[in-house]
Structure formats: C-alpha cells, structure tokens
Amino acid sequence: MGHPFNSLRLMPLEVNPGTLAMAFDELLLENASSGQPALRFYQWYKPTVSLGYFQPFEVASNFEGMDVVRRPTGGDLLIHHHELTYALALPDSALPSKAEELACLVHRVIACVLASLGVPTACQPSKGKLQVPDAPEGVLCFLHPAAGDVLAGGFKVVGSAQRRRQEALLQHGSILLRASEWAPWLKGVSDVAPADLTALQLADILRLEIPKALGMAVTHSDWTESERNRAQHIAVTRYASSAWNQRR
Amino acid sequence: MNPKDLKYAKTHEWVRPEGENYLVGLTRFAVDQLTDITYIELPKVGSRVEPGEGMGEVESVKAVSDIYAPVGGEIVGVNDALASDASLVSRDPYGEGWLVRICPEKSGALDHLLSADEYAKQTEGN
C-alpha cells in the first residue's frame, strides 16, 4: 500500500453506520497486527447503542428503537449520537509499556485541546460513579468514569476502550459534543462550556496533536478498494449479525 | 518470580504437566499488566485447540485481550470457579486462578515453550 510502517497512517474523517464503524476499527487492528499503525476519526450515521464486548444484550432494551452493535472492546454501553469518535491501532512495538498508559496519553491530549478551545477539563483521578437522577442504573459507560477519563463541568465527556490482540492494540473512544435526546442525562463539551465545537474542528486539531504526543510522523491515506471490501465483509458477517450482537 | 517448574508461552500463558494433561494459566506478568480482571471467557470442555490459537478472552479495565492456547489438544477441564470470581486469576495466577486443562495431541508439545529464565528475559524491562 506504500505506507511506511514507522509512520502513523492518518485516515480522513468519515461518517459510518455503527456496523461498518466497528468493522473499520477491526480492520485497523488487523493492519496494526501486520505492523501498520493508524489513526482515524469518525461520526455515526445515526444514533446507535454500542455494547461492551462482555455486556449482556438485554441492557440495550433500555434504548428501544435505536440501532445496536456490540463492540470488539470492553467497557459499558455507549450512546453514540452527537460525538466525535477516534480509533487508534498500534503494533506492540509502538505501545507504551502498560497499555492503559495509552488511554491516559490520548485523554491528556484531548483534555489539553479542549482546554485550548475554551472547555475547562479535569482528569478523573480514580474509578468513580456520577450521580445523575433518572439515568438507567449501572449500564452507561459515561456514568462510570475510570481513572484518566476526561471530565468537563462534572460530566464525563471523553472515554475509551481497548482490544488487545497478539502484537497489536486497538483503542477507540468517544468525545461527547452535545447531549443526545436518547441520553439526556449525559452532557457534551458544548453543553458545559461556552464553546460550540464541531466534530471537524476538533478532528482537525487532534489529527495534529495525537501523532505529536505519540512522537510519530504521519502519512495521510484513505482506505483502499480492497480494504473497503474487507470492512464490508467484516460488517456483514460479524457486526450486523445477531449471532455476534446477541451472543451474551 | 516465575515458578521454575513451569513452561511459558511468549503470549504469557504458563503450562504445568499434570499426569497426561497440561494445566494452563496466565502468568503473573500478564495479570499485572491486565490489572483489574472483570470477565473471563474460556473454551468449552470437549473442544479442541491448536497451539497459538485464541482459546479465550479476558476483560480488564475496559480492555479485552485474547488468551492463546500454548499447546494443542482437547480441553478436558475448565476452572468453573472463574465464572463467578474472575479475580481469582489476579490473586493466585499459578494456583486457584488456573484456566484450563488440556490433553495434548502429541508428545513434545512443550518443546517450543520457554523456560522460566527465558520468559523472565522476554518480559524484563516491561
């Protein structure tokens, strides 16, 4: 494909249906297993529930009418609506010695970028629980900040999850821009600070800052035809299948 | 400290010969890297695994990781206690936190695995 593997392949911002979003993220992990690091940003074609890999399917019943997809990564349920999502896949050779340090590193970058755009942020010091009246008990990721998650105005606005495979790691995460009518208990960065941020604006800055923090040069690139076909195949055979989504 | 009487896979599983079978678990190094283990999924008794093949998955602090079969053969035992308490793996990785028992397909199944010292060398500095 002509991408030097010592540089971070930077994909264009795109809008994906949930099943294809997870397929592209999985493809990113496959490529990282072959030595190619990559970073991409995307938005969701329609409001979608994503389940953590080990979560029971029943927890999605709180959100009837929404598309549901099971992620390859851990953690709790997410409502993807007004958000910017990032996915970063690195071969082991490019990872910090402890994988969770990668989440902290990316979160620190996002927190700094948000602060520079007028959104005061804080990093969650240790595992916690946000008390929000009327929110469904126990299933929503953004009500349970983990150490290193980014908070703004007392709300968790950035969280990430990981999938580790032999010789590579995928980390993807959500940056909430605005509250969704599907999850009014959660707030986005534009709800808690006088800053009306767009996904494109944020992605443009993070595309510069995340590679810089990783100390990696970048190569701009789009999916090849065969990668798009591969992602479609993964989407259809895995992420769109009830065998996958209802496996627990 | 890695027990000297075990053999180790590069993917951080240990193997202990036990009669005709092999007991398999995750190393202390792997467990320390994973930190807080919340879920673990293991293969069913009676299933077959190939050496190096993914045979299970573990979740810790929002990260899901694959567990690989260090030897090939039939799964003849699974540590059922982990279904209700996955943290056993973190507390006692070389004892009560064992994962599966494998009946090997062929002799010499351990030849490709590392000694405790070789494994320690692989993980030092991490």
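Just so it is clear, none of the values below were taken in a lab; they were calculated from the coordinates. Just so you know, these numbers come straight off a predicted model, no measurement behind them. A quick note on method: Cβ atoms are made from the backbone with ideal geometry, for glycine too, and the neighbour counts reach across all protein chains shown.
Structure above, values below:
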{"quantity": "Test: residue in the stretch A:105-122 that is within 23 Å of A:Leu177 (Cβ to Cβ), touching a residue at least 40 places away in the same chain (Cβ under 8 Å) and within 14 Å of chain B (Cβ to nearest Cβ)", "calculated": "yes"}
{"quantity": "All positions within the stretch B:60-79 that are basic (Lys, Arg) and in a strand (DSSP E or B)", "calculated": "none"}
{"quantity": "Single match in B:Ser60, B:Ser47 (criterion: without any contact (Cβ under 8 Å) to a residue 60 or more places away in the chain, of a type outside the set (A, V, I, L, M, F, W, C) and either touching a Lys or Arg at 6+ places or on another chain (Cβ under 8 Å) or within 14 Å of another protein chain (Cβ to nearest Cβ) (or both))", "calculated": "B:Ser60"}
{"quantity": "Residues (under 20 Å from the mean Cα position of the chain (by Cα) and either surrounded by 14 or more Cβ atoms within 10 Å (Cβ to Cβ) or among the aliphatic types (A, V, I, L, M) (or both)) located in the stretch A:113-127", "calculated": "A:Val113, A:Leu114, A:Ala115, A:Val119, A:Thr121, A:Ala122, A:Cys123, A:Gln124"}
{"quantity": "Among the candidates A:Gly75, A:Gly153, A:Gly65, residue that is surrounded by fewer than 21 Cβ atoms within 10 Å (Cβ to Cβ) and either within 14 Å of another protein chain (Cβ to nearest Cβ) or within 26 Å of A:Ala243 (Cα to Cα) (or both)", "calculated": "A:Gly65"}
{"quantity": "Check on A:Arg230, out of contact with any Pro (no Cβ under 7 Å at 6 or more places or on another chain) and over 26 Å from A:Cys141 (Cα atoms)", "calculated": "yes"}
{"quantity": "Per-region count, the stretch A:128-137, residues within 21 Å of the chain's Cα centre (by Cα) and touching a residue at least 24 places away in the same chain (Cβ under 8 Å)", "calculated": "1"}
{"quantity": "Candidate set from the stretch B:20-60 (those that are under 23 Å from B:Cys103 (Cβ atoms) and among the polar types (S, T, N, Q)); member that is surrounded by the most Cβ atoms within 10 Å (Cβ to Cβ)", "calculated": "B:Thr27"}
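Condition check ((1) in a strand (DSSP E or B); (2) among the aromatic types (Phe, Trp, Tyr)) across all residues:
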{"residue": "B:Tyr22", "(1), (2)": "yes, yes"}
{"residue": "B:Ala30", "(1), (2)": "no, no"}
{"residue": "B:Gln33", "(1), (2)": "no, no"}
{"residue": "B:Gly56", "(1), (2)": "yes, no"}
